[in-house]
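Read-outs throughout are calculated quantities, based only on the coordinates presented, and are distinct from any laboratory measurement. Model, not experiment: these values are computed from the prediction. Positions of Cβ are backbone-derived with ideal geometry, glycine not excepted, and every protein chain shown enters the neighbour counts.
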Amino acid sequence: MPLLLKNLFQKLASPKKPIEDVNGLYLSSGHFMRVVPQPAGKPEFVSGISGIATQFQLPTRYGNVGLIAHNYLSGKHFLELQPGDSLYLMDGFGRRRRYQVQSIRRYQALQPRSPRSNFIDLDTQEFCSASDVFKRVYMGEYRVVLQTCIERGTIEEWGRHFVIAEPVTEPPPPR
């Protein structure tokens, strides 16, 4: 590949600027999902179609990307991710950004079917409000968060599983 094209690719793939219109998600496990936006005014909407992740609109107010999916559909692949795994966000123009999973956060929902449930942090056993969980997971340095539910017994929404990934700075091409 000519040097000019390599430099152009590096600029397009730079994690310094987030992809604004996310259309696709590729996981290093080989799974691809199309990304659809939440309908305006419906922050509880999650697509019921396999192969789809829904872009959670509220985190975009804080400069972050949140993608949500049901644990019995595309979200089952979020449960397979571990720290160190890679994922890629793509837009409709062929641009992509690489992210690396930094941490996994898991919470038990005390009112499983409520989006405003209080929670118990499964690592620390600390009580948290829905607002506390949102701030811990979706606010702060630029990140991508994949969210799905944790099933326990017959309760599909028993808890919440968050995969937190940060942008990876790709090394410059060799000269």
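Data overview
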read-out: Angle between the chain longest axis and helix 3-12 axis [Cα atoms, degrees, rounded to 10]; value: 20
read-out: Gaussian network model of the chain, springs between alpha carbon atoms under 10 Å - residue of Arg97, Arg113, Arg143 with greatest fluctuation; value: Arg113
read-out: Computed over the chain, Kirkwood Rh from alpha-carbon pairs, angstrom; value: 16.8
read-out: Segment Thr60-Asp91, extension gain: residue separation times 0.36 nm, minus the distance between their alpha carbons; value: 9.6 nm
read-out: Helix-derived mean residue ellipticity, 222 nm - over the chain, DSSP H n ≥ 4, -39500 (n - 2.57), to 500; value: -3500 deg cm²/dmol
read-out: Residue-wise HN-Hα coupling along region 118-125, computed from phi with Karplus coefficients 6.51, -1.76, 1.60 (Hz; x: Gly, Pro); value: 7, 9, 10, 5, 6, 8, 10, 6
read-out: Pair Arg152, Glu126: separation of 7 Å Cα→Cβ label points (nm); value: 1.9
read-out: Length gained when the stretch Leu79-Arg113 is fully extended (0.36 nm per residue, less Cα-Cα span); value: 10.3 nm
read-out: Cβ-Cβ FRET estimate between Phe32 and Tyr142, R0 fixed at 25 Å, reported to 0.05; value: 0.65
read-out: Percent of beta bridges antiparallel (DSSP, the chain, rounded to nearest 5); value: 80
